[in-house]
Amino acid sequence: MSVFKNAKGALKTRAGKKATLASRIGAFAVIVFVVYAVIVIISTEAEMKEQEAVLDSLRNQITLAHQENDEYERLLSSEDKNAYMEMIAIEKLGYAYPNEKRFYIKEGSADNKAE
């Protein structure tokens, strides 16, 4: 019987070592998973902050576009559409009346003559 007791004791010792090794591997796996989860959460938070900044920028652009559209609608709904269109054609598009002469000042030419 003592042989069986010694065999049982040896098996228990081996089982204890295997359990210790398995528990160490399991603990290591849990630690690796927790570190990975923390890294993923932090990177997701950073990406969310970037996307929120982009969203705020887009909202500001939308607000400005609405204000610009409202101004255009106000100008076009006024009774003096022709005067507005004429002003835009002359100031922004560079159109002129027939037989009208336009004179343009070159940048820097007045500075060169003064020296």
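Any read-out appearing in this document is the output of simple, stated calculations on the displayed coordinates, not a laboratory observation. All of these numbers come straight from a predicted model, not from anything done at the bench. Cβ atoms come from the backbone with ideal geometry, glycine included; neighbour counts cover every protein chain shown.
Of the chymotrypsin sites (Phe, Trp or Tyr not before Pro) in segment 63-111, which ones lie in a loop per DSSP and count no more than 12 other C-beta atoms within 10 Å? Could the numbers behind the result be given before it?
Details: sites: Y72, Y84, Y95, F103, Y104; in loops: Y95, F103, Y104.
In loop regions of segment 63-111 (DSSP not H, G, I, E or B), the sparsely surrounded chymotrypsin sites (Phe, Trp or Tyr not before Pro) are Y95, F103, Y104.
Check each of the trypsin sites (Lys or Arg not before Pro) in segment 21-105 and keep only those in coil by DSSP with at most 10 other C-beta atoms within 10 angstrom; list them in order.
Values: sites: R24, K49, R59, R74, K81, K92, K101, R102; in loops: K92, K101, R102.
Passing both the DSSP loop test and the Cβ count: K92, K101, R102.
Take E50, project a point 7 Å from its Cα along the Cβ direction, then tell me which residues of segment 28-43 have their backbone nitrogen under 11 Å from it.
Only 43 fall inside the zone, counting backbone N under 11 Å.
Please give, to one decimal in nm, the separation of the simple spin-label points placed at E68 and T20, each 7 Å out from Cα toward the Cβ.
7.4 nm
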